[in-house]
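**Q** One structure follows; several queries about it will come next.
The values are calculated or read from the model by the stated rules, or taken from the named source; none is laboratory data. Just so you know, these numbers come straight off a predicted model, no measurement behind them. Quick reminder, even Gly has a Cβ in these numbers, built from the backbone with ideal geometry, and neighbours come from all protein chains shown.
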Amino acid sequence: MSIRERSVSQSPLEKNRIAILPETLCNQIAAGEVVERPASVVKELVENALDAQATEITIDVERGGKKIIRIADNGFGMSKDDLFLCFERHATSKIRSEKDLFHLSSLGFRGEALPSIAAVSRLAVVSAQQGDETGNRLELVAGEVRHHEPEAASVGTRFEIRDLFFNLPARRKFLRRDETEFGHIAEIITRLSLAHPQVHFRLIHNQRTILDLYRQKSLKARVADVLGRAVVDRLLAVESGDADLHLSGYVAEPSLNRSSTQGVYSFINGRFVKDRVLQHAIIDGYRQLLMKGRYPVCILFLTLDPEKVDVNVHPTKHEVRFHDQRGVHDFVSQSIRSLLRQTTTAPSVGASVTTSVPISELPDVSAVAPPMVCTVVPEDVERAPVAPMEAPQLLPRDVVREAATCYEPLATETPQPSGATARVEDFSSEAAPDLNLSAGGGYFAQLKIIGQFHRSYILCEEGNDLILIDQHAAHERIGFERLKQQLARGGVEQQELLFPDVLELNLREDAELQEYRQHFESLGFTLEPFGGTSWALTSVPAFIEKTDIKTMICDMLNDFSSVGASGVSEQAIDDVLIKMACHGMIRANQALVMEEMVALLRQLDEVDFNRHCPHGRPVVQRLTLHDVEKMFRRV
């Protein structure tokens, strides 16, 4: 007798508490893991169509999918027997053995989606295969077959799902407004269309065509269709790695960013994922190039051996597990960083830079890799609801508008002194022969200096364009990169203090300083015990102002103690170097003579990531002649 038969045959008088659930209830519970909202249904059915090699897919929904969802494709269809069998749990055409589970090439493989969808809806499906005289129609209500008959049909499959969660009113009441639910559906189609530019997708809502994405020969053309030409013009092509681990796609200039991770489209072996490790790697690639709370825009495809990644760890398959998590993280991060290092011109200029970096040539960061502590900001689709549009080839306007918007304008950090007047210091007659700084120099060295505005911004000419450079942000980037170079060579340059400073610490701070003393020494601070919990500071980094030293030591101690001895990584060291660079650099509201501005621009050409300060603020902006003439109504 089986365990199930024994449990059923036991007397109810016995005080047994465990019972086998009815099959209907089991199906509804299983559906809760797979079918969260209408967008979940769309995702599963469209992925099935793609697995069936469809090249034409139409998605037609009403009331955000809460009333009706229709999916039609021209894939290879199903036979009559398969049509019945596909609604049995764990029935699938995608895998046959345990070995197949580790060599997945399909989007679906569990055989859970169709029975889960059928269990919570009124479902009808018509399917036909090549060579069939007629197709077959099957109707189910709450997972039970109610009707089946032959029906004339073209090759492919058509699903119609009505009244989702009609038998689960508690689940149905948690659905959001129609616009919100449709926003989730639009995002699903956006992701799938980016992964399959060779497929024609058509999305209809309430009998109105919202998206009509014709087949494209390239990813870039599909990105233009979905995200808009304004985004495409600011993307940089990335091509990195080899046959074992390969990264391709596009990353946006740092100045094109978003307030959430919605602009991050990441795919592993063609499957869209929101994996924490991969998202952390992407954001880490933009480290010190984006301001806090801003996130990049990118469309990236990571390809690796299916045996080295497990996609069977989450019901929605959005999260994965890598065999070499650290290796994948560092490869992605360094590939992006190597590309962004090449970008040096003012951000309003469109760029098309491609990098091809073999894995063997990427920097070895394993010894100082950042800790795998990942924070992923949840997506807020309701903040940007999808609305009907006039132009069917693009996403809803508010989605495209956010994607095309660069960072928000920043107010100057230093208030204007009382009674002061913002003005431009004109040096055009003072050093005319040297204005064109270096005929053979880099981007910044060839700019023609006009003067200084508000003692904070250097104004330059480049052709017909006005270039504005934030002097504090520029010098901060220069100082940070030089500190990193000195640290890599063995330690930051020091200057001895004529009279040592004595730091009075409490017991906790004293213990922490003993633990992190070697890190302070490598950063240019020499600290010697001075009795009790006091320490004598005898030398400091060469450029540090003496008035900032004690505050800086306390800040650094807090930074190190917050991550612990084992967590003092490249990221933690970088955070400290940023503070050091900020304290020692040219400030805003500081007058500069021509020689100082010339030197600053030349130094800017010598460092990487010179378009942004280490906090992510922009260093340089461009104002075209056309922009100026528009201000004066001349165009």
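**Q** With respect to Arg177, determine if the residue is over 25 Å from Cys86 (Cβ atoms) and in the same structural domain as Gly65 (by TED's automatic domain parsing).
**A** In short, yes.
**Q** Moving on to the next point. For segment 50-67, give me the residue count where each residue is within 18 Å of Ser121 (Cβ to Cβ) and not in a loop (DSSP other than H, G, I, E, B).
**A** 7
**Q** Is it true that Leu497 is in contact with a Ser or Thr (Cβ under 7 Å, 6 or more places away or on another chain) and at pLDDT below 85?
**A** So Leu497 fails the test.
**Q** Only one of these is assigned to a strand (DSSP E or B) and among the polar types (S, T, N, Q): Ser116, Ser127. Name it.
**A** After applying the criteria, what remains is Ser127.
**Q** May I ask you to list the residues in segment 47-67 that are buried (at least 18 other Cβ atoms within 10 Å of the Cβ) and among the β-branched types (Val, Ile, Thr)?
**A** Hits for segment 47-67 are Ile57, Thr58, Ile59, Val61.
**Q** Write out, first by first residue and then by second, each pair whose Cβ atoms fall under 6 Å of each other, whose residues are 6+ apart or on separate chains, and whose first residue, in segment 513-526, is among the acidic types (Asp, Glu) while the second is in a helix (DSSP H, G or I).
**A** Close Cβ pairs satisfying both conditions: Glu515/Ala565.
Residue by residue, here is whether (1) within 10 Å of the chain's Cα centre (by Cα); (2) hydrophobic (A, V, I, L, M, F, W, C); (3) modelled with pLDDT under 90 holds:
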position: Gly241; (1), (2), (3): no, no, no
position: Val251; (1), (2), (3): yes, yes, no
position: Leu256; (1), (2), (3): no, yes, yes
position: Ser260; (1), (2), (3): yes, no, yes
position: Ser266; (1), (2), (3): yes, no, no
position: Leu278; (1), (2), (3): yes, yes, no
position: Ala281; (1), (2), (3): yes, yes, no
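**Q** Take Asp559 and decide whether it is in contact with a helix residue (DSSP H, G or I) (Cβ under 8 Å, 6 or more places away or on another chain), modelled with pLDDT of 70 or more and either among the acidic types (Asp, Glu) or part of a loop (DSSP other than H, G, I, E, B) (or both).
**A** yes
**Q** With of a type in the set (Lys, Arg), assigned to a helix (DSSP H, G or I) and within 19 Å of Leu50 (Cα to Cα) as the only criterion, which of Arg191, Arg158, Arg171 stands out?
**A** Every option except Arg191 fails the conditions.
**Q** For the structure I just gave you, tell me whether Val502 is in the same structural domain as Met556 (by TED's automatic domain parsing) and surrounded by 18 or more Cβ atoms within 10 Å (Cβ to Cβ).
**A** no
**Q** I'd like to verify a number: residues in segment 448-500 that are over 21 Å from Ala581 (Cα atoms) and either outside any loop (DSSP other than H, G, I, E, B) or under 32 Å from the mean Cα position of the chain (by Cα) (or both), how many?
**A** Of the residues in segment 448-500, 17 are over 21 Å from Ala581 (Cα atoms) and either outside any loop (DSSP other than H, G, I, E, B) or under 32 Å from the mean Cα position of the chain (by Cα) (or both).
**Q** Something else: Restricting to segment 311-336, and then to whatever is at pLDDT below 90 and basic (Lys, Arg), can you tell me which residue is surrounded by the fewest Cβ atoms within 10 Å (Cβ to Cβ)?
**A** Arg321
**Q** With the condition kept exactly as written, say whether any residue in segment 514-525 is in contact with a Ser or Thr (Cβ under 8 Å, 6 or more places away or on another chain) and closer than 22 Å to Val607 by Cβ.
**A** Among the residues of segment 514-525, at least one is in contact with a Ser or Thr (Cβ under 8 Å, 6 or more places away or on another chain) and closer than 22 Å to Val607 by Cβ, which makes the answer yes.
**Q** Please indicate, with yes or no, whether at least one residue in segment 472-494 is touching a Ser or Thr at 6+ places or on another chain (Cβ under 6 Å), under 15 Å from Phe560 (Cβ atoms) and free of Cβ contacts under 8 Å to residues at least 40 places away in the same chain.
**A** Among the residues of segment 472-494, not one is touching a Ser or Thr at 6+ places or on another chain (Cβ under 6 Å), under 15 Å from Phe560 (Cβ atoms) and free of Cβ contacts under 8 Å to residues at least 40 places away in the same chain, which makes the answer no.
**Q** Go through segment 501-518 residue by residue and tally those that are in a helix (DSSP H, G or I) and either closer than 16 Å to Asp555 by Cα or among the β-branched types (Val, Ile, Thr) (or both).
**A** The qualifying residues number 10.
**Q** Here are some residues: Ala237, Ala153, Ala142, Ala243. Which one is touching a residue at least 12 places away in the same chain (Cβ under 8 Å), within 24 Å of Ile336 (Cβ to Cβ) and either out of contact with any Cys (no Cβ under 6 Å at 6 or more places or on another chain) or surrounded by fewer than 18 Cβ atoms within 10 Å (Cβ to Cβ) (or both)?
**A** Ala237
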